[in-house]
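The values are calculated or read from the model by the stated rules, or taken from the named source; none is laboratory data. Values in this document were obtained by computation on a predicted structure and should not be read as measured data. Cβ atoms come from the backbone with ideal geometry, glycine included; neighbour counts cover every protein chain shown. Areas reflect the complete protein model, heavy atoms only, side chains present, ligands, DNA and RNA absent. Shrake-Rupley method; radii C 1.70, N 1.55, O 1.52, S 1.80 Å.
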Amino acid sequence: MNSTVSGPPLTVHIGSRKSQLALVQTHWVQEQLQKHFPDRRFEVHTMSTQGDIILDVALAKIGDKGLFTKELEVGMLQRETDLAVHSLKDLPTNLPEGLILGCVTERENPADALVVHEKHKDKQLETLPAGAVIGTSSLRRLAQLRHHYPHLEFKDIRGNLNTRLAKLDEGQYDAIILAFAGLHRLGMSDRIHQVIPPEISLHAVGQGALGIECRANDPEILDLIKVLEHQETAQRCHAERAFLRRLEGGCQVPIGVNTQIQDNTLTLTGMVASLDGKRLLKEKVTGPATDAEQLGIQLAETLRQMGAQEILDEIFAQIQRS
């Protein structure tokens with residue numbers, strides 16, 4: 001009797017959003033997998049998510065559970081695709097039954113970046129004039145910047161990266177805040193006017209990293225994508241995601257983080273702020289990088305004891321009312 005060895009399918013189907021940045025990220029994953037497994041074919045299948053379609057409503061008002069991921073996840077569950085590439089900051093911390101975060105790639109700089117209108121090219125965040133209009137769709141950025149710069153005005157901005165830059169250049173905003181990683185991956189690093197330090201703006205959970213999601217019962221695909229896993233990034237992001245999950249927050253609430261690993265010791269800083277920026281709680285925890293998720297849980301509980309839950313409850317109630 002001839003025995004057969006189970007292996008990955010000859011053609012692997014990769015799900016991706018249609019945005020320019022999503023495709024750049026997905027094609028990078030496709031190219032890397034193709035290099036490692038030249039005997040396989042890796043095909044990209046694009047689809048639009050709810051977050052891509054609804055562009056005239058603030059993200060927080062739409063709800064954030066799977067806003068940029070649900071359609072990709074349905075594709076995997078229906079076996080139309082085998083894996084999906086996400087900006088990890090968009091991937092909810094609680095995934096649908098049957099799906100798992102199978103791989104975290106090496107992280108780009110996770111910082112936020114200031115991009116200014118030409119007339120403010122000699123300015124930094126701290127020197128922008130009172131009343132200057134800053135565009136951001138992130139409550140996390142909004143709360144932290146209101147806390148540090150209450151003299152500035154803030155206005156919601158939606159659309160893909162090119163659309164936001166066009167609105168800035170047209171003069172609708174004096175400056176906008178974007179992720180350093182997205183600008184860098186699209187070859188637009190020259191638009192970065194200031195990298196915002198973590199003392200001013202802690203970044204989003206998972207920002208700068210890519211998360212590859214797949215079916216939990218598909219060990220062949222899991223084995224394939226593990227070649228792209230970056231251990232230090234994965235430990236940092238698992239700590240951040242555990243922190244967010246424990247606080248029961250989504251990607252559209254004012255929760256920020258920063259993680260560092262040195263000599264296998266992980267330091268996780270976490271922040272929860274009110275929407276007006278007047279209350280901002282920040283704390284950090286340090287421990288073995290191998291205990292990443294437990295450290296995230298520990299920090300969440302510490303911030304809860306400091307009053308974070310009350311702030312989050314107020315925010316959720318405010319969003320529901322609006």
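Miscellaneous remarks
- The chain, accessible area per residue, ligands and nucleic acids excluded (1.4 Å, Å²): 46
- Long-range amide H partners of LEU152 with built H, under 5 Å: GLY131
- Based on C-alpha pairs under 8 angstrom that are at least 6 apart in sequence, the range 133-236 has a relative contact order of 25 percent.
- Computed on the Cα trace of the range 199-322, the radius of gyration divided by the Kirkwood hydrodynamic radius gives Rg/Rh = 1.02.
- Annotation: amide H-H contacts under 5 Å for CYS103 (H modelled 1.01 Å from N, sequence separation of 5 or more, or interchain): ILE212.
- For LYS282, solvent-accessible area (1.4 Å; no DNA, RNA or ligand), Å²: 80
- Cross-link reach is defined here as a Cα-Cα straight distance under 19 Å, omitting same-chain residues fewer than 8 places apart; for LYS123 the aspartates and glutamates meeting it are ASP112, GLU153, ASP169, GLU170, ASP174, ASP190, GLU199.
- Pairs of Cα atoms nearer than 8 Å and 6+ residues apart set the relative contact order; for the range 118-175 it is 41 percent.
- Partners for LYS226 among lysines (Cα-Cα distance below 22 Å; same-chain residues under 8 apart left out): LYS35, LYS89
- Solvent-accessible ranking of PHE42, PHE316, PHE180, largest area first, probe 1.4 Å: PHE316, PHE180, PHE42
- Note on exposure: HIS45, HIS36 ranked by accessible area (1.4 Å probe, complete protein assembly) read HIS36, HIS45, with the most exposed listed first.
- Taking the C-alpha atoms of the range 233-275, convex hull volume expressed per residue in Å³: 64
- Considering helices alone, the calculated mean residue ellipticity of the chain at 222 nm is -10000 deg cm²/dmol, with DSSP H runs of length four and up weighted by -39500 (n - 2.57) and normalised per residue.
- Rounded, prolate or oblate (a/c below 1.5 giving rounded, otherwise prolate when a/b exceeds b/c) for the range 205-277 by Cα gyration tensor: oblate
- Here's how it looks for VAL12: its modeled amide H is under 5 Å from those of ARG41, PHE42, GLU43, which are all 5 or more places away or on a different chain.
- By accessible area with a 1.4 Å probe, ligands and nucleic acids excluded, highest first: order of VAL12, VAL44: VAL44, VAL12
- Taking all protein chains together and rolling a 1.4 Å probe, ARG279 ends up with roughly 100 Å² accessible.
- Derived scalar couplings between HN and Hα for the range 172-178 equal 5, 9, 7, 7, 9, 10, 9 Hz in order, rounded to whole Hz, by the Karplus curve 6.51 cos²θ - 1.76 cosθ + 1.60 (θ = phi - 60°), x for Gly and Pro.
- The heavy atoms of LEU99 present about 10 square angstrom of accessible area, all protein chains included, probe 1.4 Å.
- Rounded to whole Hz, the Karplus (6.51, -1.76, 1.60) HN-Hα couplings of the range 212-224, x for glycine and proline: 9, 9, 8, 6, 5, 9, 10, x, 5, 5, 4, 5, 4
- Mean Cα-pair separation over length for the chain, i.e. relative contact order, pairs under 8 Å, 6 or more apart, %: 20
- Förster radius 45 Å - calculated FRET efficiency between ARG304 and ALA166, Cβ distance, rounded to 0.05: 0.60
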